[in-house]
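Please read the structure below before turning to the comments.
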Amino acid sequence: MRLRDLLAGCRVVQSFGDLESDVAGIAYDSRQVSRGVVFAAIRGLRTDGNRFALQAIANGASAVVSVSPPPDGLKVAWIQVEDDRAALAILSSNFFDRPTTKLHAIGITGTNGKTTTAYLVESILKAAGHPAALFGTVEYRGPGFEYKAERTTPEAPELESLFRKVVDGGWKYAVMEVSSHAVDLKRVEGLHFDVAVFTNLSRDHLDYHKDMRSYFLAKKRLFAGLDGKVPRVMVLNRDDSQFAELSAIAPSHVISYGMEDGSDVRPSSFKLGWSGIDATLQSPAGEFDIHSTLMGKPNLYNISAAIGVAVGLGISTDSIRAGIEHLPVVPGRFENIANTQAFRVVVDYAHTDDALEKVLQTAREITPGRLIVVFGCAGERDRTKRPLMGNAAGRLSDLAIATSDNPRGEDPMAILREVEAGLKAASVANYRCIADRREAIQYALSSASTGDTVLVAGKGHETYQVIGNQTFDFDDRIVVRELLDELAAGRNL
């Protein structure tokens, strides 16, 4: 591809040098640049890529794309653009020949439920005979690739290259979690989504977005169309307060879901328990029964959203039912840890006050005994939710144990003091603050008795703990199993 063709759609301020040269690739890291690669000098949150432009040229870059004008004496092409991140996304899309236009791409956004809904949609598509790529918080996988995700949404060059692999592999479907950061940082700019899903909106990421309106508007862009085209199908949560504003974008494109009359997809009856969910669902495709091993009302919402997607894609009810039934667990999402004790242990990713409140309510509904929760708040992240999470834990559990969850560069005890303010505001006396996460989990397990549930919240599928500038192996599920084995051995002595 020629450089001139690669720039199609970019808002170019001015360009210098030869635009007819062939392009071998796109890179935003100067260390990844080799001969013929175009270097996109991105201004990041911590580092300005323009500082490395000369190094990229020394490594063989054929051109530089930047919001800055070129330095004097430059011997390669330099393209000055209005928006560096938007340019990176457009360059990447052009280089890989706009692969999402050749797919049924399903984008899922919202504060909570994105991962579970994505896994459900993938499972339904698989049951219908349609292999689907999956991009999200836990992993990226598709034809010829499968690896753990470092972030919910990769940067545009990696993302477009993966979509290209999906197309080249002959697959027709891709399911993707679309985070507000990815939209705002334009990692997903120019992607074409056939179906867009909205799960819900609650407080999160205010350290980045600053206010709830900005947070919502970032998510809203998925439905307005990241490539300028409104998605063919918009699956929206009718019970969420943002429904009216989102549905107004294109009312005829909407498939709604929720608990109340008026929703296109809704349960007419349901039963929740430790065995999962049994429900009868009404939908535009008819009424049918489903069973899922997923637990709780939040997962009934996620199932309803996935059914809405399936209806929009014309999937049969038999495949919908089979896909829901065949998904045994979503990693770190209300994941029941099997054990020989007389109490249950669940690991969940809940790391916002709303998510923690909902997962505690889910556990309470199916717990005959006491509800014990271990939770924490991340360092160098939204501080406003710390007392709110403490308050939710205090109000909705019988024993709340606040601990560390990736304190990063902050003092763990300082974080816990902010969490404790919420615990005290809940007027509960039965709580503990234990900075060491393993010790906190051990205390919770040793405190449990017959009929209790221990909920370990915050990390879910994550396998690390960040303390200072070091990352340590830490998987709540593995730690829980190790401590349960120690507890069983001690009790059997």
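The values are calculated or read from the model by the stated rules, or taken from the named source; none is laboratory data. Because the structure is a prediction, the values reported are computed rather than measured. Cβ sites come from the backbone with ideal geometry, for glycine too, and all protein chains shown count toward neighbours. These area figures cover heavy atoms from the full protein model, side chains too; ligands, DNA and RNA do not enter into them. Shrake-Rupley method; radii C 1.70, N 1.55, O 1.52, S 1.80 Å.
Name the residue, out of Ala393, Ala400, that is under 17 Å from Tyr443 (Cα atoms), small (Gly, Ala, Ser) and in a helix (DSSP H, G or I).
Residue meeting the stated conditions: Ala393.
Can you pull out the residues in segment 427-480 that are among the hydroxyl-bearing types (Ser, Thr, Tyr), open to solvent by 30 Å² or more (accessible area, probe 1.4 Å) and part of a strand (DSSP E or B)?
Tyr431, Tyr464, Thr471, listed by residue number.
Within segment 156-184, track down each residue that is over 25 Å from Arg333 (Cβ atoms), part of a loop (DSSP other than H, G, I, E, B) and either of a type in the set (Lys, Arg) or open to solvent by less than 20 Å² (accessible area, probe 1.4 Å) (or both).
Lys172
Take the residues in segment 208-232 that are buried (at least 21 other Cβ atoms within 10 Å of the Cβ) and in contact (Cβ under 8 Å) with a residue 40 or more places away in the chain; name whichever of them is farthest from Thr384 (Cα to Cα).
Pro231
Just to confirm my filter: which strands (runs of 3 or more DSSP E) fall fully inside segment 1-70 and include at least 1 residues that are open to solvent by less than 30 Å² (accessible area, probe 1.4 Å)?
25-27, 37-40, 63-66
Table: residues versus (1) in a strand (DSSP E or B); (2) under 22 Å from Ser447 (Cα atoms); (3) touching a helix residue (DSSP H, G or I) at 6+ places or on another chain (Cβ under 8 Å).
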residue	(1), (2), (3)
Val345	yes, yes, yes
Arg364	no, yes, yes
Gly379	no, no, yes
Asp382	no, no, yes
Arg386	no, no, yes
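Just one of the numbered conditions (1) out of contact with any Pro (no Cβ under 9 Å at 6 or more places or on another chain); (2) touching a residue at least 24 places away in the same chain (Cβ under 8 Å); (3) open to solvent by 10 Å² or more (accessible area, probe 1.4 Å); (4) among the small types (Gly, Ala, Ser) is not true of Ala355; which one?
(1)
Give the residue that is farthest from the chain's Cα centre (by Cα), with candidates limited to residues of segment 71-87 that are open to solvent by less than 20 Å² (accessible area, probe 1.4 Å) and β-branched (Val, Ile, Thr).
Among those that are open to solvent by less than 20 Å² (accessible area, probe 1.4 Å) and β-branched (Val, Ile, Thr), it is Ile79.
Can you work out which of the residues in segment 238-279 that are of a type in the set (Ser, Thr, Tyr) and assigned to a strand (DSSP E or B) is farthest from Ile290 (Cα to Cα)?
Applying the filter and picking the extreme gives Ser256.
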